[in-house]
Structure formats: structure tokens, C-alpha cells
């Protein structure tokens, strides 16, 4: 997913900031019942003019305001889902470069405290989180446990009905490939290529002091 840099002039920043508050209020009460049918609940940054068919990153100062609200939503959602009937894995996704794609996700899981790690491909190389870029008033990197992943462009041989010429073109463009559902009727080749880094954060559980 290509996100374009913000080069157009935006008028009325006070109005744009108000949009963040409206977006926050809209997402402040999650739909807990979505988890009953194994769907995930999420809050994408659906704020115009940034989140359109062609996405644009807002200025960093503006995104930090959004990140503050995402952090607040995390706490609100955690309280709501903890009172529900379904186990969940609450995750904050921060895209390092295409940060307008960042979002909050409550993923349905089988058991309490289980983690869902099948959204992205894990990055095996070490990388430092860009603190200077994202640290804001409410969001604090140290409040979370993090895992680093690749955001990828993905194509599937059968699911996307790829032709031989299309497959050759993907290989020529140095897409990685792997076999999935091997030795089954659903076996097919998966072609993928990273386009960004995604930091997945889960709030650390605060330890309570023992009674003396």
C-alpha cells in the first residue's frame, strides 16, 4: 500500500483537529458482539482528507494527536472487552512510514491471554523504534510490549488466479515466495514483499504491590 506524502495545502487546521475528536468519540464504544462470530473489531484512522482511496500521511504533529487518542482508545477498549464474554488480544499497530494506516485492533482468540500473531510477517532483524518521531503527550513507547513485523504486498497463486506471466513478473520483482497449506487440496504459492515496518504493541500489565 503506497501512502503519498502530504504536499497539498490544508486549510482550517482548527477544523481538522476537531475531526480527530469526532473520530475518537465515534470509536470510543467498540462493538463487543463482533467477537461472537470470530470477527475482529478495529479502529482505523478514517479521517478525511487523509484516509481516502489514495491515502496521505498528515503532518507528524497532527498524527501525534491521533496517536494520543489511539492510546486512550486502547484503555477504553480494554475495559470494555474485559467485561465481555469473549477472549481477545488487543493490539496497537503503528506503521513506521505509512503511519496513516496505523490502527487499533481487538482480535478474537481461543483462550484468555492468548496472542494472535497471524496478521503480518515477523521481522527477524533488529530495529530501533523511532521515538523522536512518535512520542507524544499520552502515547509512551515504554508502556507497551512490542513486536516488529513487515507490512507486505501479497499475492496468491490460486486465490488471485495468477497467470504464468504474472508469476514470472513477481519473481522478477524479487517477491518472496512460500508454499501454504502444503500437501492439502488448498496448497498454493504465496508471493509477498515488504513495503513498511509495523510495530505491534500490547499494553504491559501493571504489577500490583503485595500486601504487607
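The values are calculated or read from the model by the stated rules, or taken from the named source; none is laboratory data. Being a predicted model, the structure only gives us computed values, none of them experimental. Note that we place each Cβ from the backbone using ideal geometry, even for glycine, and neighbour counts take in every protein chain shown.
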| said: Of everything in region 180-204, what is touching a strand residue (DSSP E or B) at 6+ places or on another chain (Cβ under 6 Å) and farther than 30 Å from residue 99 by Cβ? Give them in sequence order. | reply: 188, 189
| Can you name the condition, by its number, that residue 86 falls short on among (1) under 16 Å from residue 103 (Cβ atoms); (2) free of Cβ contacts under 8 Å to residues at least 60 places away in the same chain? | (1)
| said: When you check residue 159 against the structure, is it assigned to a loop (DSSP other than H, G, I, E, B), modelled with pLDDT under 90 and surrounded by 14 or more Cβ atoms within 10 Å (Cβ to Cβ), yes or no? | reply: no
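For region 66-89, give me the residue count where each residue is assigned to a helix (DSSP H, G or I), farther than 30 Å from residue 14 by Cβ and more than 17 Å from the chain's Cα centre (by Cα).
Number satisfying all stated conditions: 4.
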| query | Residue check: is residue 19 in contact (Cβ under 8 Å) with a residue 24 or more places away in the chain and more than 23 Å from residue 149 (Cα to Cα)? | reply | yes
| said: So residue 171 ticks every box in (1) surrounded by fewer than 17 Cβ atoms within 10 Å (Cβ to Cβ); (2) under 23 Å from the mean Cα position of the chain (by Cα); (3) at pLDDT 90 or above but one. Which box is left unticked? | reply: (2)
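If you go through region 100-108 one residue at a time, do you hit one that is in a loop (DSSP other than H, G, I, E, B), free of Cβ contacts under 8 Å to residues at least 60 places away in the same chain, within 23 Å of residue 154 (Cα to Cα) and within 15 Å of the chain's Cα centre (by Cα)?
Yes, region 100-108 has at least one match.
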| query | Among the residues of region 50-63, which ones are surrounded by fewer than 14 Cβ atoms within 10 Å (Cβ to Cβ) and in contact with a strand residue (DSSP E or B) (Cβ under 7 Å, 6 or more places away or on another chain)? | reply | 54
| note | Just one listed residue, out of 14, 34, is part of a helix (DSSP H, G or I), surrounded by 14 or more Cβ atoms within 10 Å (Cβ to Cβ) and modelled with pLDDT under 95, and it is 34
| said: So residue 63 ticks every box in (1) at pLDDT 95 or above; (2) in a loop (DSSP other than H, G, I, E, B) but one. Which box is left unticked? | reply: (2)
| message | Restricting to region 114-143, count the residues that are outside any loop (DSSP other than H, G, I, E, B) and out of contact with any strand residue (DSSP E or B) (no Cβ under 9 Å at 6 or more places or on another chain). | response | 4
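Being buried (at least 18 other Cβ atoms within 10 Å of the Cβ) and either within 14 Å of the chain's Cα centre (by Cα) or modelled with pLDDT of 95 or more (or both) is true for just one of 41, 96. Which residue is that?
Just one listed residue meets the conditions, 41.
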| task | Test each condition in (1) under 30 Å from residue 33 (Cα atoms); (2) surrounded by fewer than 14 Cβ atoms within 10 Å (Cβ to Cβ); (3) in contact (Cβ under 8 Å) with a residue 40 or more places away in the chain for residue 127 and report the one that comes out false. | result | (1)
